[in-house]
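A.B. asks: Structure in structure tokens, see below.
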Amino acid sequence: MSNNKLVTMDEFTIQETRKFPQATGELSTLLRDIGLAGKIINKQVRRAGLADILGKHGATNVQGEEQMKLDVYANDTMINIFMNSTECAGIASEENDDHVCYEDTYSANSKYVVLFDPLDGSSNIDVNAPIGTIFAIYRRVSEIGKPCTKEDFLQPGNKLMAAGYVIYGSSTMMVYATKIGVNGFTLEPSIGEFCLSHPNIKCPENGKIYSLNQGNTSKYSDGMKGYLDYCMEINKEQGRPYSHRYIGSMVGDLHRTLVKGGIFIYPADKSSPKGKLRLQYECNPMAFIVEAAGGAAMCNTGRILDIAPTELHQRTPIFIGSKNMVSKAMEFVQEKEVVA
Ligand code: P6P
């Protein structure tokens with residue numbers, strides 16, 4: 001691959017598939033479908049201030065969260081794209097109570113299911129801050145040829161086949177991880193293609209940024225407060241405190257953490273004993289990506305990817321990013337009991 005040649009995401013996934021003779025190309029097709037969904041959603045996000053698509057949808061989702069018009073648009077787009085994909089047996093979304101099975105012949109004979117948060121951080125839409133689509137791809141455990149089942153969507157993160165996100169920021173990028181690595185593709189609007197821009201992303205082992213909603217400090221555990229004090233002390237190696245950055249949009253905060261290093265934390269607190277972020281379509285996909293890039297992703301009692309899910313919309317505390325920073329944070333907050 002020459003240095004000055006634009007490599008589209010489709011070309012890249014085909015080249016990657018050729019490295020595995022037994023690969024069938026189905027996962028590449030699914031990733032291409034997700035890229036198409038990202039481009040369609042991007043088109044509306046980029047003109048949100050002009051179209052009647054800003055503001056509230058006037059309903060709440062299964063989380064009890066007020067839906068924005070773009071939330072609903074993004075969710076409908078993702079559901080339709082996967083319904084028409086030949087490689088997806090069903091989906092689960094942050095915006096839907098339960099999973100959705102596609103029962104046409106193609107879909108029933110597909111071997112993958114997809115979980116997603118169609119537009120994470122949507123409360124930031126009206127202030128033009130980065131937002132994103134998060135996705136997680138599992139091989140189904142139910143019988144191929146029959147409708148997918150709840151068990152397909154309650155697999156632990158260590159069974160993920162691929163995961164990624166589309167970030168609608170200063171540029172639009174699609175970042176995805178498979179077991180062999182993490183790669184980033186920037187949308188070139190003039191040709192409408194995601195093109196390889198961040199090959200083989202590695203999360204630095206150390207970083208200088210800690211990221212969390214410090215306004216919740218009064219509700220944190222003593223261990224968490226102790227870690228915050230550590231972050232704000234003069235940092236011995238650098239001779240100055242860490243920097244604090246918080247966008248309030250998980251995809252934006254995680255993308256910075258992945259590329260520059262640092263730690264992102266949404267811990268448990270007195271009002272959210274399990275934390276706020278969802279395991280199956282926010283924390284697990286992000287943990288898969290960051291671990292594939294050499295980082296770490298923990299909750300108070302172990303690896304995020306090892307949590308055995310019991311409910312589709314369950315939450316988990318999360319400490320994710322540079323592995324040495326996550327390890328230091330665990331010294332302050334890790335509980336010894338094993339998660340049930
Ligand atoms: P808080 C956005 O609403 C979101 O789900 C994540 O994208 C983000 O990391 C988090 O919630 C922000 O939560 O409580 O700090 O506003």
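A short reminder: the numbers here are calculations on the coordinates, not readings from a lab. Small disclaimer: the values here were computed from a predicted structure and weren't measured. Reconstructed Cβ throughout: ideal geometry from the backbone, glycine too, with neighbour counts over all protein chains shown.
A.B. asks: Which lysines have a Cα lying under 23 Å from the Cα of K328, excluding residues fewer than 8 positions away in the same chain?
C.D. replies: K202, K208, K219, K225, K236, K260, K270, K274, K276, K336
A.B. asks: Something else now. Once the principal axes of the Cα atoms of the range 209-334 are found, what is the range along each, listed largest first in whole angstroms?
C.D. replies: Computed over the Cα atoms, the extents are 44, 32, 25 Å.
A.B. asks: Right, next: Where the centroid of each part is defined by its Cα atoms, how far is the range 248-302 from the range 151-218 in Å?
C.D. replies: Value for the Cα centre distance between the two parts: 11 Å.
A.B. asks: Also, I was wondering about something else. Once you have the Cα-Cα distance between N206 and L6, take 0.36 nm times their residue separation minus that, and quote the gain in nm to one decimal.
C.D. replies: Gain on stretching N206 to L6: 68.9 nm.
A.B. asks: Let me ask another. What is the count of Lys pairs in the range 2-198 whose alpha carbons sit under 21 Å apart, if the two are 8 or more places apart or on different chains?
C.D. replies: 14
A.B. asks: What is the gain in length, in nm to one decimal, between A129 and I191 on full extension, counting 0.36 nm per residue of separation less the C-alpha to C-alpha distance?
C.D. replies: Residue separation times 0.36 nm, minus the Cα-Cα distance, leaves 19.8 nm.
A.B. asks: Quick check for you: which residues of the range 98-134 have the amide N under 19 Å from the point 7 Å beyond the Cα of S271 toward its beta carbon?
C.D. replies: Answer for this model: 121-124.
A.B. asks: Test of understanding: what is the full-extension gain from D222 to I144, defined as 0.36 nm times their sequence separation minus their Cα-Cα distance?
C.D. replies: Details: separation 78, 0.36 × 78 = 28.08 nm, distance 4.89 nm.
Fully extending the segment from D222 to I144 adds 23.2 nm.
A.B. asks: With a 10 Å Cβ neighbour count serving as the proxy for reagent exposure, in which order, fewest first, do V333, V100, V127 appear?
C.D. replies: V127, V100, V333
A.B. asks: Modelling each spin label as a point 7 Å along the Cα-to-Cβ direction, I'd like the Q22/R46 distance in nm, to one decimal.
C.D. replies: Those two pseudo-labels are separated by 4.1 nm.
A.B. asks: Turning to a different aspect of this structure: Which of the DSSP-defined H helices in the chain satisfy a minimum axial length of 24 Å, computed from C-alpha atoms, and a minimum mean Kyte-Doolittle hydropathy of -1.0? Write down the numbers at each step before the final one.
C.D. replies: Numbers: long enough: 26-45 (28 Å, 0.31).
Result, helices passing both filters: 26-45.
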